[in-house]
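Only one structure is covered here, and it is reproduced in the block below.
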Amino acid sequence: MKIIRKLLAGAVITGMALTGAATGAGAASASTVPVVYAADTNAWHASVEPGRFYFGQGGAPYLTQLHWTSWNGTSAWGTGKLWAEKPGCTTPSYECPASSRWAGVYLNTVRRHNGTRYYARMAVRFFYAGKWRWSIGWLRNGFWVFPPVFPYL
């Protein structure tokens, strides 16, 4: 009888410890990891490790198949495909053919919006015209703003 009580007590304590640990870990990570806004051109809509980014409509570039290897309290790094119109297309942008290339995405500069921590800076690394390039953008008024140079993110 004593053995059964000890086993039951051990099982209850183990169950409580595991439940508390799982709950505590989820709450801690949710409160410490920044989000990223506007992954789907939806201002101030928060995402964690989004699988894609759309920067506009029509012929605007976009990122797909994103795989995040790091997402922490200060920065995030992921890779995927950058899709952009082929340079020199003179037809309406929605008719221009798009090409894809490997891209690295680096998020950093953590700020707050209504109490939520978010990444405010995005750097996209890609290969174009024989060399590696970076395009740096900032979240402004809920949307990503990049310099007006190819690939026009």
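The values are calculated or read from the model by the stated rules, or taken from the named source; none is laboratory data. Nothing here was measured: the structure is a model prediction, and the numbers come from that model. In this analysis, Cβ positions are derived from the backbone assuming ideal geometry, glycine residues included, and neighbour counts consider all displayed protein chains.
The table below gives the values:
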{"read-out": "Answer residue from region 77-92, given it is surrounded by 12 or more Cβ atoms within 10 Å (Cβ to Cβ) and in contact with a Cys (Cβ under 9 Å, 6 or more places away or on another chain) and is nearest to residue 106 (Cα to Cα) among those", "value": "85"}
{"read-out": "Enumeration of residues in region 98-114 that are closer than 24 Å to residue 81 by Cα and either of a type in the set (Gly, Ala, Ser) or not in a strand (DSSP E or B) (or both)", "value": "98, 99, 100, 103, 104"}
{"read-out": "Close pairs (6 angstrom Cβ cut-off, 6 or more residues apart or separate chains): farther than 17 Å from residue 86 by Cα in region 135-153, of a type in the set (Ser, Thr, Tyr) and assigned to a strand (DSSP E or B) anywhere", "value": "139/37; 146/135"}
{"read-out": "Every residue from region 43-58 that is closer than 23 Å to residue 100 by Cα and either of a type in the set (Asp, Glu) or part of a loop (DSSP other than H, G, I, E, B) (or both)", "value": "49, 50, 51, 52, 55, 56, 57, 58"}
{"read-out": "Any hit, region 65-76, residues being surrounded by fewer than 16 Cβ atoms within 10 Å (Cβ to Cβ) and modelled with pLDDT under 95", "value": "no"}
{"read-out": "Enumeration of residues in region 115-132 that are without any contact (Cβ under 8 Å) to a residue 60 or more places away in the chain and loosely packed, with under 14 Cβ neighbours inside 10 Å", "value": "115, 127, 129, 130, 131, 132"}
